[in-house]
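The values are calculated or read from the model by the stated rules, or taken from the named source; none is laboratory data. Keep in mind that this is a model prediction, so the values were computed, not measured. Every residue, glycine among them, receives a Cβ derived from its backbone with ideal geometry; neighbour counts consider all protein chains shown.
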Amino acid sequence: MVSNYIPKTSLLGPTRIQRIAKKIIDEATDDRKLALETHRFFRGMVDENPQDSAAKSLMVDCLKVAQASKNNVIKILNLVVKMEESGNNGQTQVSGKKENSVFAQLDNLLNE
């Protein structure tokens, strides 16, 4: 007879969510860098030929991708902060402050 799989740890525990959030933030940072690099490329094309409407259109699309990646990072941070705050409701306060380890780590990543 087949038995049901019962995981020993939570499938979406805080550690796994932190790891996923960090991976998504790293990927969004890479996407933003590539989008801005591509924008500079199309900007050079427009500087050479101001009548190139395709390059102008693609330049705008690159800026949209760069902004969308930044917005996604902000959304992820908001979700992680909410998760951390809801997880800290039952914990005791240390030195008058709640520990926001996930928020501090992600803030450090963004400031690098």
For region 58-69, state whether one or more residues are surrounded by 11 or more Cβ atoms within 10 Å (Cβ to Cβ), modelled with pLDDT of 80 or more and of a type in the set (S, T, N, Q). yes
Go over the candidates Ile74, Ile20, Ile25 one by one and state the one that is part of a helix (DSSP H, G or I) and touching a residue at least 40 places away in the same chain (Cβ under 8 Å). Ile25
The residue from Asp31, Asp47 that alone is free of Cβ contacts under 8 Å to residues at least 12 places away in the same chain and assigned to a helix (DSSP H, G or I) is Asp47
